[in-house]
1. Could you tell me which GluC sites (Glu not before Pro) in the stretch 1-79 are loop residues by DSSP with no more than 13 other beta carbons within 10 angstrom of their beta carbon?
2. Given only helices, namely DSSP H runs of n ≥ 4 each adding -39500 (n - 2.57), what is the per-residue ellipticity at 222 nm of the chain, to the nearest 500 deg cm²/dmol?
3. Which angle from 0 to 90°, rounded to the nearest 10, does the C-alpha axis of helix 4-24 make with the longest principal axis of the chain?
4. Please report the carbon-and-sulfur percent of the accessible area for the chain; probe 1.4 Å, protein heavy atoms only, DNA, RNA and ligands left out.
5. Classify the stretch 22-76 from the C-alpha gyration tensor, please: rounded if a/c falls under 1.5, else prolate or oblate depending on whether a/b exceeds b/c.
6. Using only the Cα atoms, what convex hull volume per residue in Å³ does the stretch 65-105 have?
7. Using only Cα atoms and rounding to the nearest 10 degrees, what angle (0 to 90) does helix 62-92 make with the longest principal axis of the chain?
8. So how do 39-47, 22-30 stack up, highest first, on mean other-Cβ count within 10 Å?
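The values are calculated or read from the model by the stated rules, or taken from the named source; none is laboratory data. Predicted model only: the values in this text are computed from it and were never measured. Positions of Cβ are generated from backbone atoms using ideal geometry, with glycine treated the same way; all protein chains shown enter the neighbour counts. In case anyone asks, the SASA skips ligands and DNA or RNA and just uses the protein heavy atoms, side chains included. Shrake-Rupley method; radii C 1.70, N 1.55, O 1.52, S 1.80 Å.
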Amino acid sequence: MIPLSWLLSFAAALFCIGLFGVLARKNSVAILMGVELMLNAVNVNLIAFWRYFQAAGAESSRAWTFVAVVLVAAAAEAAVGLALIISAYRKRKTVIADELNLMKG
């Protein structure tokens, strides 16, 4: 079995890559991909702790419920985010986040 510290290190690295993608990118689609990476890091953490507590003798399926909720929220966020990006692209002909100021005045 893979040690918990390795899984947590992997999830932390995945989260940091996603955070860097959100903070450093100007393309709206790349920002959305960074958010998805961060949500996947949360899922890795949930499953890692579930496996750790299951090995300790605790029987619970709450982790899978949380993973399902996070996956559904990630899918909904991606669908709504891509719809907004496509709508903004049709109006402004750009997906650069700095230039998308449609809500201003």
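1. Answer by residue number: GLU59.
2. Computed ellipticity for the chain at 222 nm equals -27000 deg cm²/dmol.
3. It works out to around 10 degrees.
4. The computed percentage sits at 69.
5. Cα axes put the stretch 22-76 in the oblate bin.
6. Looking at the stretch 65-105, the number lands at 78 Å³ per residue.
7. 10
8. Top of the packing list down: 39-47, 22-30.
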